[in-house]
Amino acid sequence: MVDVGGQRSQRQKWFQCSDGITLILFMVSSSEYDQVLMEDRRTSRLVESMNIFETIVNNKLFFNVSIILLLDKMDLLVAKMKTISIKKHFPELPWWRSG
């Protein structure tokens, strides 16, 4: 098992660890929809995670690798959604629209 760093500066090292892997466990904090990256104060952490996951899933290196997406901190997500609207951060999602 290898735990790779998540910061942008660490991501190039991921591919050095990719040889011979059979499983990727991709963990995402579900409650970070309103938080931004340390290195880019305009990009949502959750959006960044979604983009990274899409890149990994579509990468030819991982064609035969099982990939599990694990959303954690669901308790924090439920509590946060009571006070901070997710609509503000994801207005394009149809299930958040009224009508």
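The values are calculated or read from the model by the stated rules, or taken from the named source; none is laboratory data. Predicted model, so just to flag it, every value in this text is computed and none were measured. All Cβ positions, even for glycine, are placed from backbone atoms using ideal geometry, and neighbour counts span all protein chains on display.
Output the residue which, of all residues in the stretch 65-87 that are surrounded by fewer than 11 Cβ atoms within 10 Å (Cβ to Cβ) and in contact (Cβ under 8 Å) with a residue 40 or more places away in the chain, is nearest to the chain's Cα centre (by Cα). The extreme case among them is Leu70. Is the stretch 30-37 home to any residue that is among the hydrophobic types (A, V, I, L, M, F, W, C), over 25 Å from Ile86 (Cα atoms) and free of Cβ contacts under 8 Å to residues at least 40 places away in the same chain? The answer is no; no qualifying residue exists.
Scan the stretch 52-64 and tell me whether some residue there is in contact (Cβ under 8 Å) with a residue 12 or more places away in the chain and either touching a Cys at 6+ places or on another chain (Cβ under 6 Å) or of a type in the set (Gly, Ala, Ser) (or both). Within the stretch 52-64 (the criterion being in contact (Cβ under 8 Å) with a residue 12 or more places away in the chain and either touching a Cys at 6+ places or on another chain (Cβ under 6 Å) or of a type in the set (Gly, Ala, Ser) (or both)), the answer is no, since none of the residues qualifies. When the residues of the stretch 12-37 are filtered to those that are out of contact with any helix residue (DSSP H, G or I) (no Cβ under 8 Å at 6 or more places or on another chain) and modelled with pLDDT under 85, the one that is surrounded by the most Cβ atoms within 10 Å (Cβ to Cβ) is Trp14.
Taken over the stretch 12-29, the criterion of being free of Cβ contacts under 8 Å to residues at least 40 places away in the same chain and not in a helix (DSSP H, G or I) is satisfied by Asp19, Gly20. Go through the stretch 31-79 residue by residue and tally those that are part of a helix (DSSP H, G or I) and of a type outside the set (A, V, I, L, M). Residues meeting the conditions: 10. Restricting attention to the stretch 38-64, the residues that are within 22 Å of Ile84 (Cβ to Cβ), exposed (fewer than 15 other Cβ atoms within 10 Å of the Cβ) and of a type outside the set (D, E, K, R) add up to 4.
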